[in-house]
1. Would you please name the trypsin sites (Lys or Arg not before Pro) within region 2-97 that are DSSP coil residues with at most 10 other C-beta atoms within 10 Å of their C-beta?
2. Please say if the chain is rounded, prolate or oblate, where rounded means a/c under 1.5 for a ≥ b ≥ c the square roots of the C-alpha gyration tensor eigenvalues, and otherwise the choice is prolate for a/b larger than b/c and oblate otherwise?
3. Can you grab the distance from the C-alpha centre of region 58-93 to the C-alpha centre of region 1-52, Å, no decimals?
4. In degrees, nearest 10, range 0 to 90: what is the angle between the Cα axis of helix 39-53 and the longest Cα principal axis of the chain?
5. In the Gaussian network model of the chain, springs joining C-alpha atoms below 10 Å, which of Gly27, Gly87, Gly78 carries the largest mean-square fluctuation?
6. Kindly report the accessible area of the chain per residue (heavy atoms of protein chains, probe 1.4 Å, no ligands, DNA or RNA), in Å².
7. Need one number: nm distance between label points at Thr2 and Thr33, each 7 Å from Cα along Cα→Cβ, rounded to one decimal.
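The values are calculated or read from the model by the stated rules, or taken from the named source; none is laboratory data. The shown structure was predicted, so the numbers you read here are calculated from the model rather than taken from an experiment. Cβ coordinates were reconstructed from backbone atoms using ideal geometry, including for glycine residues, and neighbour counts include every protein chain displayed. Side chains included, ligands, DNA and RNA excluded: accessible areas come from the protein's heavy atoms. Shrake-Rupley method; radii C 1.70, N 1.55, O 1.52, S 1.80 Å.
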Amino acid sequence: MTWALIITVGLATYVLRASFLMMAGKGANPLLTRALRFVPVVVLPPLAVSAVMNNGGSTMDVRFLCAAVAGLIAWRTGNAAAAMLAGMLVLWLFLFL
């Protein structure tokens with residue numbers, strides 16, 4: 001059962017990637033192009049939240065504090081680079097201490 005699932009998911013991934021490679025010379029549908037611009041915005045937050053909250057249920061962790069600082073900076077400035085820098089600086093500060 002597990003091998004069938006792995007092979008099915010692998011084939012689906014291959015077909016999806018091959019379809020985009022075959023469309024490369026033809027130009028994509030404008031609606032598809034516009035929709036694909038939002039993929040990083042949709043994928044990044046769940047990855048970040050799962051990395052922060054995957055600490056055994058405790059919310060008082062250094063990762064949670066760093067994410068809160070980064071979120072606050074992002075909300076106040078609207079600058080993603082400043083938010084990431086602030087989160088990393090808080091993490092480094094706590095690791096140094």
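1. Counting only loop positions with at most 10 other Cβ atoms within 10 Å, the trypsin sites (Lys or Arg not before Pro) in region 2-97 are Lys26, Arg37.
2. Here the chain falls in the oblate category.
3. 28 Å
4. 40 degrees
5. Per the Cα network of the chain with a 10 Å cutoff, Gly27 tops the list.
6. Per residue, the chain has an accessible area of 84 Å².
7. 4.4 nm
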